[in-house]
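Undergrad: This structure is in structure tokens; I'll ask about it shortly.
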Amino acid sequence: RCHTMEERANLMNMMKLSIKILIQSALSLGRTLDSDFPPLQQFFVVLEHCLKHGLKVKKTFIGQNKSFFGPLELVEKLCPEASDIATSVKNLPELKTAVGRGRAWLYLALMQKKLADYLKVLLDHKHLLSEFYEPDALMMEEEGAVIVGLLVGLNVIDANLCLKGEDLDSQVGVIDFSLYLKETQDTDGKQDGGITAVLDQKHYVEELNRHLSCTVADLQNKIDCLEKTNSKLQEELAAATDRIGSLQEEQQQLKQQNELIRERSEKSVEVTKEDTKVELDTYKQSRQGLDEMYSDVWKQLKEEKKIRLELEKELELQIGMKTEMEIAMKLLEKDTHEKQDTLVALRQQLEEVKAINLQMFHKSQNAECSLQQKTEAISSFEGKTNEMMSSMKQMEERLQQAEKARQAAEERCNKMKQELAGRLDSCRQQMAQLDSKCSTLEKELKSEKEQRQTLQKELHQEKDATTLLKTELQQMEGLKKELRKLQDEKQQLKKVREEQEQALQEMGLHLSQSKLKMEDIKEVNKALKGHTWLKDDEATHCKQCKKEFSISRRKHHCRNCGDIFCNTCSSNELALPSYPKPVRVCDNCHTLLLQQCSSNSS
């Protein structure tokens, strides 16, 4: 510790002398100072020694590094004004070492007349300087603040220093002690204490020079070691090139294997495509048959609708005849005693009506026979649909077999992909090792850049080969998508088949509805009442709840009033005088009839 205190005191005295000599000489000359000015050079040497005092040694892969440029870089973070200095120092291409960058930084700070300000900012943040300096270093003690105060006096000096022409990396800071001796002799010859201090400083500087010569010898030894390592790295590069050649041969073999696999997969896909085409043709033919059958059924339905309209017209005629008969019966009841001759005519008319009823009965029997024939045709259609279902099942079995073949081909492709992936991983690992070696060679050896570029070209070629393999895999995925499209078409065909089945079911429902309507017509024929019977086409909404009729909400006639209602509004049943069994009646008629029954009973 005493030794470090003496070093700090010596450096402090030398700094005072150098600043004093520099200011006096600059004021005596009265001009801007150049980089060749000896007092200025000595000032920078002493300042460099002060900044190097107590620096921590940092270990790197090259060796131990001890540079004062690290703490100076902190100024850029603490003081944004120093960013211009840092960028200009980094942009200088001649500077290759941290020492040269630190010297250039000091030159630029002195020219800006802000050297004292920047160092004061560093001293204000000693917790950051502790990463670079020992606790007993000059910059960490009070002497650092004294030096900063002395540097404020340099703001009087104007300096114009050129950095481009000088070799700042190889300069060796040696203190010229004669300047300090001349200064002491000119000031006062009686100050013996100052001379003894200067002599002590001279011995200290000589020791520093010896230490610098030792460091130069160590650096030469390190350079020799680096040359040996360079030769070893060149040998390793030759071995790496040989390995790359072997990898290229393996890659060609892999390409050939991939081509064989692709040809096999293409053949299997073509076979599956042909099978699916044949199956699609058969399905289209069956679909055409179903369409023809469907058109025939629709024609039959149209014919039935025509017959139904004719029956409705006949019913209208019968209703008109019934109304006329009722009027005639009333007239006959009034004039029974006066007009007996008219009874004979009425009887004849009644016989004619009976004959008409018999004709209607025969016509209804004929309609029932035609309905039986239509039911037989529907049953035959159902048999044909069953046959179509069996053919569809056969088609599904064939599709399942094709899917199994496709799955087997996919498993083969997956196995080949795994093998290729393993080989590509091994190749990538080897290439990663080569990249790491090349990166170290780029940092240490600039002469081997051309060989590294050749290696990079070869790597790009291998990457292109891997992209080709990826494109082939994408083609396989496209084939899989085509298979999926075929499966989607199959599902769409199934949907069409289900829709046709639903249409057949709806046709059956229409036939059942026509049967029910025929029964309703029979019941109407039996009932002879004064209420008007509404047509199905005239009513679109329920008379009571006013809801629109649809497939789910069917039309129902009330057997009492003849109006059309929905199922909920005509769910009641009562025995009417014209009907032997209970029949459907609307809610209003149901309440009225119940009231009439209760009044009659009372």
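The values are calculated or read from the model by the stated rules, or taken from the named source; none is laboratory data. If you're wondering where the values come from, they're calculated on a predicted model, not measured in any experiment. For neighbour counting, all protein chains shown are included, and Cβ atoms are generated from backbone atoms with ideal geometry for every residue, glycine included. Side chains are part of the model used for accessible areas, which takes the heavy atoms of the whole protein and leaves out ligands, DNA and RNA. Shrake-Rupley method; radii C 1.70, N 1.55, O 1.52, S 1.80 Å.
Undergrad: Out of K495, K490, K480, K485, report the one residue that is more than 30 Å from L290 (Cβ to Cβ) and either open to solvent by less than 100 Å² (accessible area, probe 1.4 Å) or of a type in the set (K, R) (or both). Steps first, answer last, please.
TA: Details: K495 fails: more than 30 Å from L290 (Cβ to Cβ); K490 fails: more than 30 Å from L290 (Cβ to Cβ); K485 fails: more than 30 Å from L290 (Cβ to Cβ).
Going through K495, K490, K480, K485 in turn, just one is more than 30 Å from L290 (Cβ to Cβ) and either open to solvent by less than 100 Å² (accessible area, probe 1.4 Å) or of a type in the set (K, R) (or both): K480.
Undergrad: Report yes if some residue within the stretch 407-416 is within 32 Å of the chain's Cα centre (by Cα), open to solvent by less than 70 Å² (accessible area, probe 1.4 Å) and within 30 Å of M389 (Cβ to Cβ); otherwise report no.
TA: yes
Undergrad: Let me ask you something else. How about the stretch 547-602: which of its residues are of a type in the set (D, E, K, R), closer than 25 Å to L509 by Cβ and surrounded by 11 or more Cβ atoms within 10 Å (Cβ to Cβ)?
TA: Matches in the stretch 547-602: K547, R553, R554, K555, R559, D563, E573, R584.
Undergrad: Considering only the stretch 452-477, state which residues are open to solvent by less than 100 Å² (accessible area, probe 1.4 Å) and of a type outside the set (A, V, I, L, M).
TA: R452, T454, Q456, E458, E462, D464, T466, T467, T471, E472, E477
Undergrad: Moving to a separate point now. Can you tell me which condition A377 does not meet? The list is (1) free of Cβ contacts under 8 Å to residues at least 12 places away in the same chain; (2) more than 44 Å from the chain's Cα centre (by Cα), and all the others hold.
TA: The one condition A377 does not meet is (1).
Undergrad: Same structure, new question: What do you reckon, is E477 within 27 Å of K255 (Cα to Cα) and in contact (Cβ under 8 Å) with a residue 40 or more places away in the chain?
TA: It is false that E477 is within 27 Å of K255 (Cα to Cα) and in contact (Cβ under 8 Å) with a residue 40 or more places away in the chain.
Undergrad: For the stretch 15-48: of the residues being hydrophobic (A, V, I, L, M, F, W, C) and closer than 19 Å to M140 by Cβ, which is nearest to the chain's Cα centre (by Cα)?
TA: The residue in question is L47.
Each row is one residue, and each column tells you yes or no for (1) touching a helix residue (DSSP H, G or I) at 6+ places or on another chain (Cβ under 9 Å); (2) open to solvent by less than 70 Å² (accessible area, probe 1.4 Å).
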{"site": "K90", "(1), (2)": "yes, no"}
{"site": "A109", "(1), (2)": "yes, yes"}
{"site": "L123", "(1), (2)": "yes, yes"}
{"site": "E131", "(1), (2)": "yes, no"}
{"site": "M139", "(1), (2)": "yes, yes"}
{"site": "A145", "(1), (2)": "yes, yes"}
{"site": "V148", "(1), (2)": "yes, yes"}
{"site": "L151", "(1), (2)": "yes, yes"}
{"site": "K164", "(1), (2)": "no, no"}
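Undergrad: Within the stretch 7-34, count every residue that is surrounded by fewer than 16 Cβ atoms within 10 Å (Cβ to Cβ) and modelled with pLDDT under 85.
TA: Matching residues across the stretch 7-34 total 7.
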